[in-house]
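Note sheet for the following structure.
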Amino acid sequence: MAITFGSVIPNSNTMSLTLTTQPLNNLITNHRTNFVFCGRSVGYGHTLSFSDQRVSSSFATLVCSAANKPDISSTAKIRSEVLSPFRSVRMFFYIAFVASGSLGAFIAITQLIGALANSSRATEVPEILKGLAIDIAAVSLFAFLYFRENKAKNAQVARLSREESLSNLKLRVDEKKIIPMNSLRGIARLVICAGPASFVTESFKRSEPFTESLLDRGVLVVPLVTDGNSPAFEFEETGDLATRRKRLWQLAPVYINEWSEWLDEQKKLAGVPSDSPVYLSLRMDGRVRGSGVGYPPWNALVAQLPSVKGMWTGLLDGMDGRVL
């Protein structure tokens, strides 16, 4: 049997392939199997029908679908460990305390059974019950703390993984230069304006009074247009203000489909309608510090963010507000 692969659609779960077989005497139906293709497990079900022909070959076309599974990058796990260095230690001790309390409860239960079976040890029952209650309470407490810590860890790793995916998206700085977003870590605080062209244009107009202050705080805007139209950015032909306005809005997303997929996933997780215009404000380290539906709060950004100039440069880089 010869296998000829057809085209694979990028960013799709569907792969088409064609099987070309020589004449067979057996009828093969309802065959189910698994392939490992490019390091991922692809499971599919199909039905093949072959006829016994001596002259011509039989052809069958299969459609294979693979379920997407979220990949947690090693970088996200490392960043999680750096941000919460004592979490693993706490979780280890929680497990140890749960194990110790469970052992104590088991011993107390055996002692209680013996005391109940022997009337001469009836006076020991209250003390045994007291110890058993303490053990059960300890196991319940530390089990709760462990599961809460593990839930927080999983949420943090998932958030960092999403931010790593965002950091790999591409930006156009000028006609000749395209960079990933992570190249701007430690350099700029990005604000993503995502919505129709009219929304982006209005965000552009509303930012004009805060141009100087936003640039002083390292803010750069990424206009993500979701309706395929072009926003109307009107700059003055000359003047320092026009230059600074162009600098504030100089970035442009590249590969809009990848940006749209990432944004749709974030909206789905946040329970926001897919057609709602939104903004995302990033910290200097690339983590999301704020987001919302509607226009970016330029005045709030100016009030909350420290300047990246002067004697405090570097010391206040982390004072971007809490992360989401």
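Nothing in this text is a laboratory measurement; each read-out follows from the coordinates by a stated rule. Values in this document were obtained by computation on a predicted structure and should not be read as measured data. Positions of Cβ are generated from backbone atoms using ideal geometry, with glycine treated the same way; all protein chains shown enter the neighbour counts.
Classify the stretch 176-230 as rounded, prolate or oblate, taking a ≥ b ≥ c as the square roots of the eigenvalues of its Cα gyration tensor: rounded when a/c is under 1.5, otherwise prolate if a/b is larger than b/c and oblate if not. Oblate, because a/c is 1.5 or more while a/b does not exceed b/c. Here K153 is the anchor, and the lysines within straight C-alpha reach of less than 16 Å, apart from those fewer than 8 places off in the same chain, are K77.
Distance between the C-alpha centres of the stretch 142-202 and the stretch 278-309: 13 Å, rounded to the whole angstrom. In this structure, the amide hydrogen of L190, modeled 1.01 Å from its nitrogen in the peptide plane, lies closer than 5 angstrom to those of L220, L282, counting only residues at least 5 positions away or on a different chain.
Quick one: if the Förster radius is 45 Å, what FRET efficiency do F235 and D264 give, using the C-beta to C-beta distance and rounding to 0.05? That gives a FRET efficiency of 0.90. Over 19 Å between C-alpha atoms is what I'm after, so list which of K177/K246; K176/K246; K170/K205 land there. From the list (K177/K246; K176/K246; K170/K205), the Cα-Cα distance tops 19 Å for K170/K205.
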